[in-house]
Amino acid sequence: MSISVGSLAVSRVIEYDGPLFIPDELLPDLTSERLAAEAGWMTPDFYDPAQKRLVSCVQSYALRTRHHAILVDTCVGNGKTGRRNPLWNGGDWPYLDNLAAAGFRPETIDFVILTHLHVDHVGWNTRLVDGRWVPTFANAKYLIVKREFEYLRHLAATTAQYKQIYEDSIRPILDAGQVVFVENDHEIDDSVKLAPSPGHTPGHVSVHVRSKGTEAVIAGDVLHHPFQRLHPDWNSRACEDGEQARKTRRRLYEASADRDVLVLAGHFAPCRIASTREGFDFRYV
Ligand SMILES: [Zn+2]
């Protein structure tokens with residue numbers, strides 16, 4: 001599915017879409033009572049009562065500007081091991097077929113932008129070829145915010161999962177000389193630039209796309225689930241700096257609400273944000 005942003009088309013490239021997160025493991029404030037009270041609009045699009053899991057997707061966004069083919073975030077990846085979430089070990093998803101269906105072959109991608117370096121955003125940086133992890137996007141520069149890389153190095157030194165992620169999904173692109181470290185306000189070209197959106201992780205960035213007066217914000221994990229339209233102050237369990245994550249989310253809502261701004265989140269469908277008497281509504285496109 002592609003979404004128009006002015007004269008550009010942004011495509012969702014979906015790796016997985018279905019029951020995924022245990023509700024209070026993703027959103028600690030989402031108690032079973034609160035979930036029951038909101039079951040009407042949540043079921044079945046955003047909550048699967050049979051599996052008792054929030055319905056979420058894992059996805060990238062791909063776009064072609066006048067100058068470049070760009071992929072934002074790279075999902076979980078196939079054949080990875082050592083992930084804490086059992087669903088993310090040994091993945092066998094037709095992600096590259098989905099990328100091809102969106103009109104992109106891996107070797108044609110010029111830039112891979114990583115909003116942050118969590119497990120579900122870096123996986124397709126690499127793929128396994130003859131027993132070795134090699135860059136999936138052979139001709140791409142992978143743009144990584146310096147601060148985020150330092151944070152990953154810290155995680156990799158202290159947790160087994162992130163040591164593994166560093167080895168299988170980051171080190172191979174570094175060794176291939178394909179990583180470019182950038183500041184969090186880096187401009188890629190005249191229609192795509194980064195903007196800091198810290199909180200979920202210290203170096204988290206959003207990708208702002210502008211064309212002909214229309215704007216989209218590829219927001220990564222600034223927000224995780226449609227439930228957060230009702231509760232902008234609810235963080236995910238994975239948000240590192242709670243206070244900063246709340247501020248960044250509020251800023252996104254306030255800057256986007258009631259304007260022609262598409263919000264493209266990491267784990268659910270593209271939407272526009274509207275303000276309501278109670279707070280905010282997400283209008284899916
Ligand atoms: Zn994520």
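Key figures for this structure:
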item: Test for G77: is it in a loop (DSSP other than H, G, I, E, B) and away from the ligand (no atom under 16 Å from the Cβ); result: no
item: Tally of residues being closer than 15 Å to F280 by Cα and surrounded by 24 or more Cβ atoms within 10 Å (Cβ to Cβ) across the stretch 229-248; result: 0
item: Every residue from the stretch 152-182 that is closer than 15 Å to K141 by Cβ and touching a residue at least 24 places away in the same chain (Cβ under 8 Å); result: I170, P172, I173, A176, Q178, V179, V180, F181, V182
item: Some residue of the stretch 121-142 being over 23 Å from F21 (Cα atoms), part of a loop (DSSP other than H, G, I, E, B), acidic (D, E) and modelled with pLDDT of 95 or more; result: yes
item: Residue ID - farthest from the ligand (Cβ to nearest atom), chosen from residues in the stretch 259-285 that are touching a strand residue (DSSP E or B) at 6+ places or on another chain (Cβ under 7 Å) and charged (D, E, K, R); result: D260
item: Selection within the stretch 221-258 - away from the ligand (no atom under 16 Å from the Cβ) and of a type in the set (A, V, I, L, M, F, W, C); result: L230, A255, A257
item: Residues being within 20 Å of the chain's Cα centre (by Cα), outside any loop (DSSP other than H, G, I, E, B) and not hydrophobic (A, V, I, L, M, F, W, C) - total across the stretch 255-285; result: 4
item: In the stretch 89-131, the residues that are of a type in the set (D, E, K, R) and free of Cβ contacts under 8 Å to residues at least 24 places away in the same chain; result: D92, D97, R105, D130
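The values are calculated or read from the model by the stated rules, or taken from the named source; none is laboratory data. These figures come from a predicted structure and were not determined experimentally. Using ideal geometry, Cβ is built from the backbone for each residue, glycine included, and neighbour counts are taken over all protein chains shown.
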